[in-house]
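Colleague: Pasting in a structure now, in structure tokens, and then I'll have a few things to ask.
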Amino acid sequence: MTHDFTLSQDPRGRLELTLADGSRYDGVVPVRAFPLTAPDECVALVSSGGHEVVNIARLSELAEPARGIIVETLAAREFVPKIEAIVSCSAFATPSTWTVRTDRGQTEFVLKAEEDIRRLGEGRLMITDSHGLQLEIVDQARLDAHSRRILLRFM
């Protein structure tokens, strides 16, 4: 599928969209329909007024530089630290305080309930802390044995 638009960034980093008919939209925002389960599919460019202007079925089918701009913008907005190891856990019941090592350094968070650990498929997990912040485990099978043992107590 081809898309007839150009996408660029102004000096302040805001996205500028120009359609094939010449209409122009400043300050568009990329929005994923399914950010956790299908991050590459159904991405919309939404105007500052909240209206969908362009729908992109698959980001991988979009030509550069538009694809790179969208991926970079989404990455900055959807930052989620990745848990590399679970260092400790205050209790094997909830609420409990977890100390984890992430790709951004060590941190602590409170897990309110077991339901705050969501399975995303293929070993991916999303953990939501008591403040609503999210942390991701990319592949639970690749965690060390100590981390897996703690994790299994809550799943």
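The values are calculated or read from the model by the stated rules, or taken from the named source; none is laboratory data. This structure is a prediction, so every number in the text was calculated from the model and none was measured. Virtual Cβ from ideal backbone geometry, glycine too; neighbours counted across all protein chains shown. Keep in mind that these areas ignore ligands, DNA and RNA; they rest on the heavy atoms of the full protein, side chains included. Shrake-Rupley method; radii C 1.70, N 1.55, O 1.52, S 1.80 Å.
Colleague: What number of residues within region 1-38 satisfy the criterion of being under 21 Å from PHE79 (Cβ atoms), part of a loop (DSSP other than H, G, I, E, B) and either open to solvent by less than 50 Å² (accessible area, probe 1.4 Å) or in contact with a strand residue (DSSP E or B) (Cβ under 7 Å, 6 or more places away or on another chain) (or both)?
Modeller: 7
Colleague: Can you tell me which residue within region 39-49, out of those that are over 16 Å from the mean Cα position of the chain (by Cα) and at pLDDT below 90, is least open to solvent (accessible area, probe 1.4 Å)?
Modeller: Of region 39-49, the ones over 16 Å from the mean Cα position of the chain (by Cα) are 45-49.
Within this subset, residues satisfying the condition of being at pLDDT below 90 are 48-49.
Values: SER48: 104, GLY49: 58 Å².
The residue in question is GLY49.
Colleague: With VAL80, VAL71 as the choices, which residue is at pLDDT below 95, closer than 30 Å to PHE5 by Cβ and open to solvent by 50 Å² or more (accessible area, probe 1.4 Å)? Before the answer, list the steps.
Modeller: Numbers: VAL80 fails: open to solvent by 50 Å² or more (accessible area, probe 1.4 Å).
One residue alone meets the criteria, VAL71.
Colleague: Please find, among ARG12, ARG24, the residue that is over 21 Å from the mean Cα position of the chain (by Cα), over 30 Å from ILE137 (Cβ atoms) and modelled with pLDDT of 90 or more.
Modeller: On the way: ARG12 fails: modelled with pLDDT of 90 or more.
That would be ARG24, the only listed residue that is over 21 Å from the mean Cα position of the chain (by Cα), over 30 Å from ILE137 (Cβ atoms) and modelled with pLDDT of 90 or more.
Colleague: Separate question: Answer yes if at least one residue in region 104-114 is surrounded by 12 or more Cβ atoms within 10 Å (Cβ to Cβ), touching a Leu at 6+ places or on another chain (Cβ under 6 Å) and not aromatic (Phe, Trp, Tyr), and no otherwise.
Modeller: The answer is no; no qualifying residue exists.
Colleague: Being open to solvent by 20 Å² or more (accessible area, probe 1.4 Å), among the hydrophobic types (A, V, I, L, M, F, W, C) and modelled with pLDDT of 90 or more is the filter here; which residues of region 136-155 pass it?
Modeller: Selection gives VAL138, ALA141, ALA145, LEU152.
Colleague: In addition: Could you list all residues from region 115-135 that are surrounded by 15 or more Cβ atoms within 10 Å (Cβ to Cβ), within 15 Å of the chain's Cα centre (by Cα) and within 19 Å of THR94 (Cβ to Cβ)?
Modeller: Going through region 115-135, the residues surrounded by 15 or more Cβ atoms within 10 Å (Cβ to Cβ) turn out to be 116-117, 124-129, 134-135.
Cutting the leftovers down to within 15 Å of the chain's Cα centre (by Cα) gives us 124-128, 134-135.
Residues satisfying the conditions are LEU125, MET126, ILE127, THR128, GLN134, LEU135.
Colleague: Among the listed residues ILE117, ILE69, identify the single one that is touching a helix residue (DSSP H, G or I) at 6+ places or on another chain (Cβ under 9 Å) and not small (Gly, Ala, Ser). Write out each step before concluding.
Modeller: On the way: ILE69 fails: touching a helix residue (DSSP H, G or I) at 6+ places or on another chain (Cβ under 9 Å).
Of ILE117, ILE69, the one residue that is touching a helix residue (DSSP H, G or I) at 6+ places or on another chain (Cβ under 9 Å) and not small (Gly, Ala, Ser) is ILE117.
Colleague: Please give the number of the condition MET126 fails out of (1) of a type in the set (A, V, I, L, M); (2) under 30 Å from ASP21 (Cα atoms); (3) assigned to a strand (DSSP E or B).
Modeller: If we test MET126 against (1) of a type in the set (A, V, I, L, M); (2) under 30 Å from ASP21 (Cα atoms); (3) assigned to a strand (DSSP E or B), just (2) comes out false.
Colleague: Look through region 90-114, keep the residues that are of a type in the set (Ser, Thr, Tyr) and either under 20 Å from the mean Cα position of the chain (by Cα) or in a loop (DSSP other than H, G, I, E, B) (or both), and return whichever of them is modelled with the lowest pLDDT.
Modeller: Just the residues of region 90-114 that are of a type in the set (Ser, Thr, Tyr), to begin with: 90, 94, 96-97, 99, 102, 107.
Retained after the next criterion (residues that are either under 20 Å from the mean Cα position of the chain (by Cα) or in a loop (DSSP other than H, G, I, E, B) (or both)): 90, 94, 102, 107.
Numbers: SER90: 95, THR94: 91, THR102: 96, THR107: 95.
Out of the qualifying residues, it is THR94.
This table checks each residue for (1) among the hydrophobic types (A, V, I, L, M, F, W, C); (2) free of Cβ contacts under 8 Å to residues at least 24 places away in the same chain.
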| site | (1), (2) |
| --- | --- |
| ARG12 | no, yes |
| ALA20 | yes, yes |
| VAL28 | yes, no |
| VAL31 | yes, yes |
| VAL46 | yes, yes |
| HIS51 | no, yes |
| LEU62 | yes, no |
